[in-house]
Amino acid sequence: MPSDATLEHRLADRVRALGGPVAVAYSGGADSALVLAAAARVLGPEQVLAVTAVSESLADGELGAARRLADDLGVTPYRLARVDRAEAAVRALLAGAGLQVTDLRVRDLGDRARVEVDPALVSRTAALPTLGEALAAAGFAGLPHQVEPFRSGRLNTEP
């Protein structure tokens with residue numbers, strides 16, 4: 001059996017190979033806490049997003065403990081909340097312009113935002129004069145943004 005140091009080195013190498021930013025499915029249990037801690041240590045907490053699904057299967061008190069550990073590691077839900085606010089703002093902006101969007105995603109790339117919409121709406125979305133203001137109000141103030149066709153797949157990576 002490999003030593004603890006060897007296992008730790010292997011995990012760090014795998015996390016490093018992912019690059020950042022990354023999202024960690026984080027329940028607060030031992031396995032996901034280990035992965036979250038490794039990602040924060042290797043990539044830096046600003047490159048890690050802890051994603052916790054709140055459901056009836058999550059025991060009372062576990063969410064609070066999970067949040068405390070994530071906070072102790074320097075990983076916060078700020079980026080996810082910023083994306084949620086931006087998506088709601090862009091959806092409202094499009095609706096106000098009479099544009100019905102089916103697929104919409106805002107990607108937090110750290111130093112900029114990428115808005116992904118239905119391919120037919122890319123140029124019209126990019127031309128909205130208040131798009132930058134809506135993104136800024138959501139938490140992307142001072143950051144550039146781009147509008148591209150919606151795509152599914154790896155989170156927050158370049159095409």
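Every number in this text was worked out from the coordinates using simple rules, so none of it is lab data. Everything quoted here is computed from the prediction, not taken from an experiment. Neighbour counts run over all protein chains shown; Cβ positions are idealised from the backbone, glycine included.
Nearest 5 is fine: what % of DSSP beta bridges in segment 79-149 come out antiparallel, could you say?
Working: 5 of 10 bridges.
The antiparallel fraction comes to roughly 50 percent.
Modelling each spin label as a point 7 Å along the Cα-to-Cβ direction, I'd like the Ala92/Leu143 distance in nm, to one decimal.
1.9 nm
Obtain the nm distance between the two label points defined at Thr102 and Ala120 by a simple spin-label model: each point lies 7 Å from its Cα along the Cα-to-C-beta direction.
0.8 nm
Full-extension gain between Leu34 and Leu18, please, as 0.36 nm times their residue separation minus the C-alpha to C-alpha distance. It would help to have the intermediate numbers written out before the result.
Working: separation 16, 0.36 × 16 = 5.76 nm, distance 1.59 nm.
That works out to 4.2 nm of additional length.
Averaging over every viewing direction, what projected area does the convex hull of the Cα atoms of segment 4-76 cover, in nm²? Intermediate values should be presented prior to the final figure.
Details: hull surface 18.9 nm².
Over every viewing direction, the Cα hull of segment 4-76 projects on average to 4.7 nm².
Using only DSSP helix segments of four residues or longer, with each worth -39500 (n - 2.57), what per-residue ellipticity at 222 nm results for the chain after dividing by its residue count and rounding to 500? Before the final figure, lay out each step's value.
Numbers: 6 runs with 70 residues, N = 159.
Rounded to the nearest 500, it is -13500 deg cm²/dmol.
Pop the C-beta distance of Arg10 and Ala81 into the FRET formula with R0 = 41 Å and round what comes out to the nearest 0.05.
Working: r = 33 Å, r/R0 = 0.80.
FRET efficiency, Arg10 to Ala81: 0.80.
Pull out a ≥ b ≥ c, the square roots of the eigenvalues of the alpha-carbon gyration tensor of the chain, then state rounded if a/c is under 1.5, prolate if not and a/b is larger than b/c, and oblate in the remaining case. Can you show the working numbers first?
Details: a/c = 2.54, a/b = 1.91, b/c = 1.33.
It is prolate, given that a/c is not under 1.5 and a/b is the larger ratio.
Share of antiparallel DSSP beta bridges in the chain, in percent to the nearest 5? Please list the in-between numbers first.
Numbers: 5 of 14 bridges.
Roughly 35 percent of the DSSP beta bridges within the chain come out antiparallel.
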